[in-house]
Amino acid sequence: MSKSNNPVTWFEIYVDDMERAKNFYEKVFDCFLEPQTTDGSFEVLQFPDAIHSNGAMGALVKHPMRRPSLEGTLVYFHSHDCAVQSAIALQNGGQLFKPKSSIGPNGFIAIIGDTEGNAIGLHSFE
C-alpha cells in the first residue's frame, strides 16, 4: 500500500434518536445528511459523499444491535477552527469534553459529545 493512500473509507456513528442526531450534525457541520435505503431493520443518514475528495465516507446509523458510546472509536471531523464547531455543538445540545488544544505541528483538536451519547473529535489547523 502506498504511504499516500488513506485506508479509511467508511465510519458509522450510532444513534438512538435519528431526528435529534440529524439536527445536531447538520447544524454543527453545516451539511445535509442523505437518507439511504436499507432492508428496513435499521436507519441510515449518510454524510456528504467524499468518495472523490478528501475524507472518509460515513453515516449516522440507528441499529437495534448498536448503541451510542463514549468509550468507542473516536472519529475526528475536519474543522476550520475547532473552537467554532465546539461552540455550535454546545448551542445545539452537545457537550465539551476537551476544549481546543494544540497538538503541535499537526494543528489543534477538541473533543465534543453529540446529542446521542457519543464522543467525537474535531481537528483544525487554525
Point to revise | Candidate aspartates and glutamates for bridging to residue 22, where Cα separation is under 12 Å - those fewer than 8 sequence places away on the same chain excluded | key: 30, 34, 43, 114, 116
Revision key, fill the gap. Scattering profile of segment 64-111 from the Debye formula, Cα beads only, expressed as log10 I(q)/I(0) at q = 0.14, 0.18, 0.24, 0.25 Å⁻¹, is -0.41, -0.64, -0.98, -1.03
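Taking only C-alpha pairs under 8 Å that are 6+ residues apart, what is the relative contact order of the chain in percent?
Details: 241 pairs, mean separation 31.7, N = 126.
Dividing the mean separation by the residue count of the chain yields 25 percent.
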Review point. Whole-Hz Karplus ³J(HN,Hα) for segment 83-93, in order, using 6.51 cos²θ - 1.76 cosθ + 1.60 and θ = phi - 60°, x for Gly and Pro?
Key: 5, 5, 5, 4, 5, 5, 4, 4, 5, 10, x
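So how many Å³ per residue does the convex hull of the Cα atoms of the chain work out to? Numbers along the way, then the final one.
Values: hull volume 15.9 nm³, N = 126.
Cα-based convex hull of the chain, divided per residue, equals 126 Å³.
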Review point. Listed highest first by mean packing, meaning other Cβ atoms within 10 Å per residue, what order do 101-112, 32-43, 75-86 come in?
Key: 75-86, 101-112, 32-43
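Every number here is computed from the coordinates shown, using simple stated rules; none is lab data. A quick note: this is a predicted structure, and the numbers were derived from the prediction, not measured. Methodologically, a virtual Cβ is constructed for each residue, glycine included, from the backbone with ideal geometry; neighbour enumeration extends over all protein chains shown.
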